[in-house]
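Just so it is clear, none of the values below were taken in a lab; they were calculated from the coordinates. Just so it is clear, the model here is predicted, and its values are computed rather than measured. All Cβ positions, glycine included, derive from the backbone under ideal geometry; neighbour counts span all protein chains shown.
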Amino acid sequence: MDILFISDSKTLNHELETAMREVGGDLRVVSGQAMLEGSVSTSADVVLVEKRTWQNHYSMFRYFGRLGDLDRAALVCVSRARRVGPLKGRAGRKDLALFVPSSADVIRRTLEDARELTGQMRA
């Protein structure tokens, strides 16, 4: 499974990379700046976003046309907080939340649900 994680939080990146070793899958971690530069392909089976990175960069992603496949994908908001509100620019979309730390089973189920939702949105 190809997984894209958009995050500027180094500690959250490290925690998720460690957890993903148990789950499996090809995790690519990219910063908000790399997304703005356009050096990253946004096509992936599952897209994870760190909430603060998304909220801070969304307007610029949209302005520079960097959303690409993200508009037709279910996003998984990764956070340490148990209460996650809607992501900026994603009103009415079916997005999921993943709280770190989580067990491998919870991560695996969330990734599978996101992949199914993305398939439905793209069909």
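Between Asp105 and Arg122, what length comes free when the chain is fully extended (0.36 nm per residue of separation minus the Cα-Cα distance, one decimal in nm)?
Details: separation 17, 0.36 × 17 = 6.12 nm, distance 2.59 nm.
Stretched out fully, the Asp105 to Arg122 stretch lengthens by 3.5 nm.
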The exposure ranking of Val40, Val46, fewest beta-carbon neighbours within 10 Å first, is Val40, Val46
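Sorted by average packing, counted as other Cβ atoms within 10 angstrom per residue and highest first, what order do 74-81, 31-38 take? Could the numbers behind the result be given before it?
Details: 74-81: 19.6, 31-38: 15.9.
Descending mean neighbour count gives 74-81, 31-38.
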Computed, not fitted: 222 nm per-residue ellipticity of the chain from DSSP H runs ≥ 4 (each -39500 (n - 2.57)), nearest 500, equal to -13500 deg cm²/dmol
Check: C-alpha center the stretch 92-123 vs C-alpha center the stretch 38-84, spacing in Å is 14 Å
Kirkwood calc, the chain, C-alpha pairs only, radius in angstrom 14.3 Å
